[in-house]
C-alpha cells in the first residue's frame, strides 16, 4: 500500500506506477512513464519524470528526469539528476550534485556540490566535494572514465577526454588533463607563492 502524507497537495500522473510501502510527501510531482519500486521515500517537493527508481530508495527534495536508478540509493537533498543517467545500487548522490549522461556503478559516493557530465564511474568510487568533469571544450562533449576504487579529492577538475584507471587517487585541488594509470597518486597544482606586504586591500 502507498502512503500519501497529503494527497491533495501531491500530483501523480496517470501512467505512473508506484510499489507497495512507498511514502510520498506533499508537493511531490511524479509524471510521465515513471516507475517507482517498493519501500521508497519520496520527500517534499521532489520532481520525478520519465524515470525508473528501484526498491528501498530515499529521494530527498530532488529533480530526477529521464534516468534510471537502482536499489538502495539515497538521492539529495537538492540533487539534479538530469537526462540519461544510469545509477546502479547502494549509491549516495548528495546535496547539490548535478549529473548528466552518467553511468554510476555500485557503492559509490558523490556527496556534495559536484557536477559530473558524460562520465562513467566505476564501483567503490569516492567523489569529493566540488569535483567537476569539464566535458565541453566549446565544440564537442567529451567523456570521462573513472574506474573502480578511485578517490577523487575535493575541488578537482577533470578535463575530458580523460581516463582514470583503477585504484588511483587524485589529490584535492588538482586540475587533471592527462590520463592516470592504475595505482597512481595524481597531483596537479601550481606552487603557492606568498608575497609579503602585497595585500591589495591594505592601503599604503
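How many percent of the alpha carbon pairs in the stretch 115-189 exceed a separation of 16 Å? Tail of the P(r) past 16 Å holds 40 percent of the pairs.
Exposure proxy for 139, 92: other Cβ atoms within 10 Å of each Cβ, ordered fewest to most, give 139, 92. With contacts taken as Cα pairs under 8 Å at a separation of at least 6 residues, the stretch 1-96 carries a relative contact order of 18 percent.
Were the residues from residue 193 through residue 157 laid out at 0.36 nm apart, the gain over their Cα-Cα distance would be 10.8 nm. Relative to the current alpha-carbon distance between residue 185 and residue 35, full extension at 0.36 nm per residue lengthens the span by 49.9 nm. The stretch 128-148 and the stretch 173-190 have Cα centres spaced 14 Å apart. Placing a label point 7 Å from the Cα of residue 112 along the Cα-to-Cβ direction, none of the residues of the stretch 42-58 has a backbone N under 17 Å of that point. Highest mean first, the peptides 176-189, 7-20 sorted by other C-beta atoms within 10 Å per residue fall in the order 176-189, 7-20. Shown here: Cα Rg over 2.2 N^0.38 Å, derived from the displayed model; of the candidates (i) 1.19; (ii) 0.95; (iii) 1.29, it corresponds to (i). Kirkwood hydrodynamic radius of the stretch 25-117, from the reciprocal of the average inverse Cα-Cα distance over all distinct pairs: 12.4 Å. The relative contact order of the stretch 115-189 comes to 26 percent, based on Cα pairs under 8 Å that sit 6 or more residues apart.
Take every Cα pair under 8 Å in the stretch 54-204 that's 6+ residues apart, average their separations, divide by the length, and report that relative contact order as a whole percent.
Working: 470 pairs, mean separation 18.0, N = 151.
Reported as a whole number, the value is 12 percent.
The length gained by stretching the chain between residue 45 and residue 23 to full extension, at 0.36 nm per residue less their Cα-Cα distance, is 6.6 nm.
Values in this text are rule-based calculations from the coordinates and carry no lab data. Everything numeric here is computed off the predicted structure, so don't read it as measured data. Counting neighbours? That spans all protein chains shown, and the Cβs are built from the backbone with ideal geometry, glycine included.
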